[in-house]
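Each reported figure results from applying straightforward, stated rules to the coordinates on display, with no laboratory input. Quick caveat: nothing in here was measured; it's all calculated off a predicted structure. When we count neighbours, we look across all protein chains shown, and the Cβ atoms used for this are built from the backbone with ideal geometry, even at glycine.
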Amino acid sequence: MNTLISLRSEILKTKRTASLYFTLIGAAVVPVVFLLNVLGDGLDSTKKDPLNAIFKLLADMNGLAFFPWFIILICTLLPQIEYRNNTWKQVFTSPQPKVNVLTAKFATIHLLMLLFLVSTHLFMFLAIVLANLVDPTLGLFKHSLNGQTVLINAANSYVTMLALCAIHFWLGIRFRNFIVPIAVGLALWLAGTLLVLEYKSSTAYYFPYSFQAISLSPKHQPHLNQVAWTSVGYAVLVLLLCFFDLRSRRMTT
C-alpha cells in the first residue's frame, strides 16, 4: 500500500467522526462574533481601512486562540479513533509500513488545518457581505483589500503552528487518555501566550507554545521569520521522534 492509499483510508475514517463539522464550526466562530458585533455596535474601530482591519482582526484572534485550540483538539482526538475502536493492532498488521501510517495520519490533520484556514476566511467574507447588506451605510466594499497581506498572515499562522501540531500529534498517539494531551496543551498555550504578551521574554522565540502570539507583540514581530523556521525545525524533529517511538512500540489494542 502506498502513502496515497493510506491517506485515503485515514480520510474515510474521519467521515465517521464529527471532525469535519468540528472544523467548520471552529472556523465560523470569529466571523460570527464579528457579524454580531458589527450589527450591534458598528465599525468605529475600523472605519479608516475596514476590510484590511477586519481580516487582521481575524488573523489575530484565530492565530492567538482559536487556531491553536483547534490544532490541540484535532491532533489529540483523531489518533483516538484507533484507541476507541481498538484497531491499532489491525492497523499495524495491515500491508503498509509504519511510516505510511504516520504520514497519512499527519497529512489528514493538515488537510483539516488547511480547511479551517480557508473556511474561516470564506466565512469572514460572507459575514462582511451580510453586514453590508443589512447596513449599506457601512460601505465596506468601497475600500480595497490587500489580498497579499491576508495570504501572508494565513501562511504565518499555519507555519508557526507546525511545531505545536507535531507535538500534539505525538501526544495524541502516545496517550490512550485524551485528557492528558489536551490539558498539557491548554496549560502550555496559556504559559506561552503570557510569555509573549505579558513578560515579552526573548525565550518565546524557542518555546513552541509562544509562537502563535509572536505576531501580536510589536517587540517580537521582527523575529517572525526566525520563529517560523524554528517551528519547522521542531516539527521535523518531533515527527522523527514520533516515528521511532511508534516503530519501537507494540500496540496490541
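Run lengths n ≥ 4 of DSSP H only: what is the helix-derived mean residue ellipticity at 222 nm for the chain, with -39500 (n - 2.57) per run over all residues, to the nearest 500?
Details: 11 runs with 178 residues, N = 253.
Taking each H run of at least 4 residues, the total per residue is -23500 deg cm²/dmol.
Which whole number in µm²/s is D for the chain by Stokes-Einstein, with the Kirkwood Rh taken over Cα pairs at 10 °C and 1.306 mPa s? Don't skip to the end; give the middle numbers.
Values: Rh = 19.5 Å.
The estimated diffusion coefficient comes to 82 µm²/s.
Note on the chain: Lys pairs 8 or more places apart or on different chains, Cα atoms under 28 Å apart, count 18. Approximating the spin labels as points 7 Å out from Cα along Cα→Cβ, the Ser144-to-Asn225 distance works out to 2.5 nm.
In the chain, the longest principal axis of the Cα atoms and the axis of helix 147-160 are about 30 degrees apart.
Treating the angle as unsigned and between 0 and 90°, give the value, to the nearest 10°, between the Cα long axis of helix 162-174 and the longest Cα principal axis of the chain. For 162-174 against the chain, the angle is about 40 degrees.
Axis of helix 19-41 versus longest Cα principal axis of the chain: the two differ by about 20°, to the nearest ten degrees. Within the listed set Thr230, Thr160, Thr203, the residue fluctuating most in the Gaussian network model of the chain (springs between alpha-carbon atoms under 10 angstrom) is Thr203.
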